[in-house]
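Here is the structure we will look at, set down as structure tokens.
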Amino acid sequence: MDNHTHIISASLQLVPMMAGDKHPYHWIDEVIDLIRVSGVNYSVGPFSTSVEADYKTVTRLIDTINSFLVANYRPMQSAI
């Protein structure tokens, strides 16, 4: 039974801590593009991007963003 029929909002914040030759703003722009093409209502703010859709759509979008970042970027190695 699907009981997640209500519209929810979530605020997403990407803190770039990945190694690579791209500036962190490029990662943020790529994530915003993923959000844009998903079709959900969204608003880009100075510190986060808010999305609004049904529960399954929002959680699926978060999973898509995470999978994209894991596939394309590697975390910075700790100096400790």
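No lab work stands behind these numbers, since they all come straight from the coordinates. Please read these numbers as outputs of a predicted model, since none were measured by experiment. We place every Cβ from the backbone using ideal geometry, glycine too, and count neighbours over all the protein chains shown.
Across region 50-58, coupling constants 3J(HN,Hα) worked out from phi with the 6.51/-1.76/1.60 Karplus curve, θ = phi - 60°, read 9, 10, 9, 5, 5, 3, 5, 5, 5 Hz, and Gly and Pro carry x. Sorting the segments 66-72, 48-54, 35-41 by their mean number of nearby beta carbons within 10 angstrom, highest to lowest, gives 48-54, 35-41, 66-72.
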